[in-house]
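Asker: Let me give you the structure first, and then I'll get to my questions.
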Amino acid sequence: MSTLSFDTSKLADFVGEEELSMMQPMVTAADELLRKGTGVGAEFTDWLHLPTEYDKDEFARIKAAAKKIQSNSKVLVVIGIGGSYLGARAAIDFLNDYFNNYYGDDERDFPQVLFAGNSIAPAYLNSLIKVIGDRDFSVNIISKSGTTTEPAIAFRVFKQLLEEKYGTEGARERIFATTDAHRGSLKTLADTEGYEEFVVPDGVGGRFSVLTAVGLLPIATAGGDIDQLMAGAAAGEQTYADADLTKNPAYQYAAYRNILYRKGYTTELLINYDPTLVQFGEWWKQLQGESEGKDGKGIFPASGNFSTDLHSFGQYIQEGRRNIFETMVRVTEPVSDVVIPTMDADDGLGYLQGENMSYVNRTASEGTVLAHVDGGVPNMIVEIDKQNEFALGQMIYFFEVAVGISGYLNGINPFNQPGVEAYKRNMFGLLGKPGYEELTESLKARL
Ligand code: PA5
């Protein structure tokens, strides 16, 4: 059962009907590259069948570990960067109460999940330690390579804190390592120290890893139903497998993006009308940007949090440079509602009193789409019926499979990320990391 709809009716002014069907031969070729494993980067496409072909024993261990953390910790610190935290953060925000992290421990059903290692800002780490205070906590260190600097620094800090608080043996019981099955410094450390380990599968890159232990352990710890999440993704796997463009909304999305890109629409905004989707936009930006921004090509992924941002860069969208298109993500059924109160005094809102706020929010989205279309901004709408795990799983899969097709349509490898190494090389050179000495002087001379 599909809970996701894809509406392209507002593209009519920008893309002719025949243009989509003309994409079919290219989409068929891209589908073959992806499904037959003949495309570049094919060794990183195991995410395609992850919703149905995942390690069931590990899945059971994830649930058991989540229960253990729920029983002995008030806080889970998730340490990771990029694909090693964005998916979990997006899902937890989407599935939980907005102010979940602000409630006292007694008012929350599950541990607070807080994130570290996604920057190198020392004050952030100090504040995080302060917020944990003397409460019981556990740590999930996540790094596929096991060598990434940001999480490695944060992990040293939290390992030390755990060992001071619980002793070496007690700390070991509270550290969960999610990393490569065979190699990397974190794998070696976890083996040596005897941490419980979870695997980032070989054929799944970081930004496609939310449906592995990378996302599942934090999500389950925060109370998410990971069975339903996988069931939704499995529905996506089934629904978005057809190479026929008329039958596959995810492939249509990829094809329309490609058509728009060729017409000069080089920036895509993922739009939401609800703060619980802000982090989903961050996850999506990595998925799109790291997959497609290569060889001097690619759509620049950005996000818009509406109606908030309509009062900041809304002006630009409406009348600025015409190279933007929007994809709105919307949930049909509100999680809860507010009736706009009646009031005797006239504040100009009399025509709305007694209405639901969700009606106003939806109407705002409809009005904005029309205004932006009139202003020359093509719009597409991805709508899920409910704000739950099943719908989220399906939507995650929708965007993952679309970016695979989209990348092949644009003639790049959607599954590598060579550009991410450039800043690391310079940072290591400047920091004097062994092996990078020859870079140090030339970089310092350029500062
Ligand atoms: O998608 C990716 O590959 C990256 O964003 C990585 O997830 C990120 O760089 C973190 O890498 P690692 O998990 O190896 O620490």
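The values are calculated or read from the model by the stated rules, or taken from the named source; none is laboratory data. Everything quoted here is computed from the prediction, not taken from an experiment. Note: ideal-geometry Cβ built from the backbone for every residue, glycine included; neighbour counts use all protein chains shown. To get the accessible areas, we keep the full protein, side chains included, count just its heavy atoms, and leave off ligands, DNA and RNA. Shrake-Rupley method; radii C 1.70, N 1.55, O 1.52, S 1.80 Å.
Asker: Once region 95-139 is represented by equal point scatterers at the alpha-carbon sites, with solvent omitted, what log10 I(q)/I(0) does the Debye formula produce at q = 0.17, 0.19, 0.22, 0.34 Å⁻¹?
Answerer: Relative scattering, expressed as log10 I(q)/I(0), comes to -0.56, -0.69, -0.89, -1.31.
Asker: Could you list, bin by bin from short to long, the percent of Cα-Cα pairs of region 128-272 in 10 Å steps?
Answerer: Taking every Cα pair in region 128-272, the percentages come to 10, 28, 28, 19, 12, 4, 0.
Asker: Within region 297-336, find all residues whose amide N lies under 15 Å from a label point positioned 7 Å from the Cα of Asp7 along Cα-to-beta-carbon.
Answerer: 326-334
Asker: What is the dipole size for region 47-227, taken about its Cα centre, with +1 at each Lys and Arg Cβ and -1 at each Asp and Glu Cβ, in debye to the nearest 20?
Answerer: 380 debye
Asker: Moving to a separate point now. What whole number of Å gives the distance from the Cα centroid of region 10-36 to the Cα centroid of region 70-88?
Answerer: Value for the Cα centre distance between the two parts: 38 Å.
Asker: Magnitude of the Cβ-charge dipole of region 72-119, K/R +1 and D/E -1, about the Cα centre, nearest 20 debye?
Answerer: Here region 72-119 has a charge dipole of around 260 debye.
Asker: With Kirkwood's inverse mean 1/r over C-alpha pairs for Rh, give me the Rg to Rh ratio of region 160-202, two decimals please.
Answerer: Rounded to two decimals, Rg/Rh equals 1.02.
Asker: Arg362 accessible area, nearest 10 Å², 1.4 Å probe?
Answerer: About 80 Å², ignoring ligands and nucleic acids.
Asker: Need the C-alpha centroid separation for region 248-321 versus region 107-168, integer Å.
Answerer: Region 248-321 and region 107-168 have Cα centres spaced 32 Å from each other.
Asker: Where does the charge balance sit around Thr266 when Lys and Arg score +1, Asp and Glu -1, over other residues with C-beta under 13 Å from its C-beta?
Answerer: Once all neighbours under 13 Å are counted, the net charge is +4.
Asker: Could you tell me the center-to-center distance, by alpha carbons, between region 325-404 and region 196-226 in angstrom?
Answerer: 29 Å
Asker: What FRET efficiency would be calculated for the residue pair Asp106, Ser442, taking the C-beta separation as r and a Förster radius of 41 Å, to the nearest 0.05?
Answerer: 0.10
Asker: Tell me what the chain gives for mean residue ellipticity at 222 nm when only DSSP H runs of n ≥ 4 count, each as -39,500 (n - 2.57), the sum divided by the residue total, rounded to 500 deg cm²/dmol.
Answerer: The per-residue figure over the chain is -14500 deg cm²/dmol.
Asker: Please compute the net charge surrounding Asp337, taking Lys and Arg as +1 and Asp and Glu as -1 over other residues with Cβ under 13 Å from its Cβ.
Answerer: -2
Asker: Rg/Rh for the chain: what does it come to with C-alpha atoms and Rh from Kirkwood?
Answerer: Here the Rg-to-Rh quotient is 0.98.
Asker: Report the Cα-based extents of region 317-411 along its three principal axes, largest first, to the nearest Å.
Answerer: Principal-axis extents of region 317-411 (Cα, largest first): 62, 37, 12 Å.
Asker: Out of every Cα-Cα pair in region 53-137, what percent are more than 22 Å apart?
Answerer: Counting every Cα pair in region 53-137, those more than 22 Å apart make up 31 percent.
Asker: Grab the other residues whose beta carbon is less than 15 angstrom from that of Leu86, score K and R as +1, D and E as -1, and report the net.
Answerer: -1
Asker: List the chymotrypsin sites (Phe, Trp or Tyr not before Pro) in region 1-109 that DSSP assigns to loop (not H, G, I, E or B) and whose Cβ has at most 14 other Cβ atoms within 10 Å. Which are they?
Answerer: Those that pass, being in a loop and sparsely packed, are Tyr98, Phe99, Tyr103.
Asker: While we're on this one: Loop-only check: which GluC sites (Glu not before Pro) in region 1-83 are DSSP coil with at most 14 other Cβ within 10 angstrom?
Answerer: Answer in residue order: Glu53.
Asker: Separate question: If you split all Cα-Cα distances of region 387-447 into 10 Å bins from zero, what percentages do you get per bin, shortest first?
Answerer: Bins of 10 Å from zero give 18, 25, 18, 22, 14, 1 percent of pairs.
Asker: Further, regarding this structure: Between Ile132, Ile62, Ile340, find the one with the highest GNM mean-square fluctuation for the chain; connect C-alpha pairs within less than 10 Å.
Answerer: Of Ile132, Ile62, Ile340, the Gaussian network model singles out Ile340 as fluctuating most.
Asker: Please give the contour-minus-distance gain from Leu352 to Asp225: 0.36 nm per residue of separation, less the Cα-Cα distance, rounded to one decimal in nm.
Answerer: Fully extending the segment from Leu352 to Asp225 adds 42.0 nm.
Asker: Quick one: if the Förster radius is 51 Å, what FRET efficiency do Lys36 and Ala345 give, using the C-beta to C-beta distance and rounding to 0.05?
Answerer: 0.15
Asker: Next question. Work out the P(r) tail for region 47-227: percent of alpha carbon pairs separated by more than 24 Å, whole number.
Answerer: Beyond 24 Å sits 30 percent of the P(r) for region 47-227.
Asker: Here's something else I'd like to know. For the chain, report the accessible area per residue in Å² (1.4 Å probe, heavy atoms, rounded to an integer).
Answerer: About 45 Å² of surface per residue is accessible.
Asker: Let me ask you something else. Convex hull over the Cα atoms of region 235-393, averaged projected area in nm²?
Answerer: Average of the hull's projected areas for region 235-393 equals 11.3 nm².
Asker: Counting other Cβ atoms within 10 Å, keep those with at most 16, restrict to DSSP loop, and tell me which GluC sites (Glu not before Pro) in region 153-254 are left.
Answerer: Sites meeting the loop and neighbour criteria: Glu173.
Asker: Right, another one. Estimate the FRET efficiency between Asn323 and Asp295 by the formula 1/(1 + (r/R0)^6), using the beta-carbon distance for r and 25 Å for R0, to the nearest 0.05.
Answerer: 0.85
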